[in-house]
Amino acid sequence: QAIKAAIRAGVRTIDHGSDLDEEAVALLKGNPNSFYVPTLYTSAAIEELGPAKGVPASEVERSRQIKTVKDAGFKRALAAGLPIGFSTDAAVIPHGQNAREFSIRVQLGESTRSALDAATRLNAEIMGWQDRVGTLEPGKFADLVAVPGNPLTDIGAMDRVSFVMKGGVVYKQDGRSRVP
């Protein structure tokens, strides 16, 4: 019910959206100024961490139960053709594993191109920054990453970033980080 109330109120993003049902999808479809921005890798991260790394067994079980519902909501949004933003949950996902969200999305049926577009062009639009970031064009910040291989044929390549440039300044090259 909270998701539906938020969409009706004109909230810009529905973050997590773990219980996105058909009615919520229809409301999002009817409101082009609201976006669904799921966090799908959280369940796998909680499962991997588990009680051995401080996650209570009750939370691991709750995450398992939510996973089915959350994955179904994502598939509903895909089937409806909703623009789906890209997000992760820094409080749950260990630092450095955020790119694993790509693989989960692709496993659930999203095309690799759409997943990459969500993390770049679409997220820039959601933030209202499409004039500055999200695509490689003259006049925009030179923010980009490079990976070994082709993420369109191996989305897992996004988990192996070897080059990072932000605002035209190189922060990582050949897999080695550097402070400019």
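Side notes on the structure shown:
- Of His16, His95, the residue with the largest accessible area leads and the full order is His95, His16 (1.4 Å probe).
- Of Leu28, Leu108, Leu152, the order by accessible heavy-atom surface (1.4 Å probe, DNA, RNA and ligands excluded), from most exposed downward, is Leu152, Leu108, Leu28.
- When the alpha carbon gyration tensor of the stretch 64-147 is reduced to an equivalent ellipsoid, its three semi-axes come out at 25, 16, 11 angstrom, largest first.
- Annotation: amide H of Lys172 within the under-5 Å range of Val164, Arg178, sequence separation 5 or more or interchain, hydrogens built in the peptide plane.
- Summed over the residues of the stretch 68-180 and divided among them, the accessible surface reaches 57 Å² per residue at a probe radius of 1.4 Å.
- Counting all C-alpha pairs of the stretch 3-47, share separated by more than 17 Å (%): 30 percent
- Centroid-to-centroid, using Cα positions, the stretch 1-46 and the stretch 118-136 are 19 Å apart.
- Antiparallel bridges, percent of DSSP beta bridges restricted to the chain (to nearest 5): 60 percent
- Taking 0.36 nm per residue of sequence separation and removing the Cα-Cα distance, the Glu59/Arg113 pair yields an extension gain of 16.1 nm.
- For Ile93, the solvent-accessible surface computed with a 1.4 Å probe is close to 10 Å², ligands and nucleic acids excluded.
- Over the stretch 48-95, volume per residue of the alpha carbon convex hull, in Å³: 80 Å³
- Within a straight-line Cα-Cα reach of under 21 Å, Lys4 can be paired with the following lysines, leaving aside sequence neighbours fewer than 8 residues apart in one chain: Lys29, Lys67, Lys70, Lys75.
- Projected over all directions and averaged, the alpha-carbon convex hull of the stretch 1-151 occupies 10.0 nm².
- With all protein chains kept in place, the per residue accessible area of the stretch 12-54 amounts to 47 square angstrom at a probe of 1.4 angstrom.
- Amide H contacts for Tyr36 (H built 1.01 Å from N in the peptide plane; partners 5 or more residues away or on another chain; cut-off under 5 Å): Ile14, Gly85.
- Taking all protein chains together and rolling a 1.4 Å probe, Met127 ends up with roughly 100 Å² accessible.
- The accessible surface of the chain, taken with every protein chain in place and a 1.4 Å probe, is 55 percent carbon and sulfur.
The values are calculated or read from the model by the stated rules, or taken from the named source; none is laboratory data. Not measured: the values here are computed from a predicted model. Side chains are part of the model used for accessible areas, which takes the heavy atoms of the whole protein and leaves out ligands, DNA and RNA. Shrake-Rupley method; radii C 1.70, N 1.55, O 1.52, S 1.80 Å.
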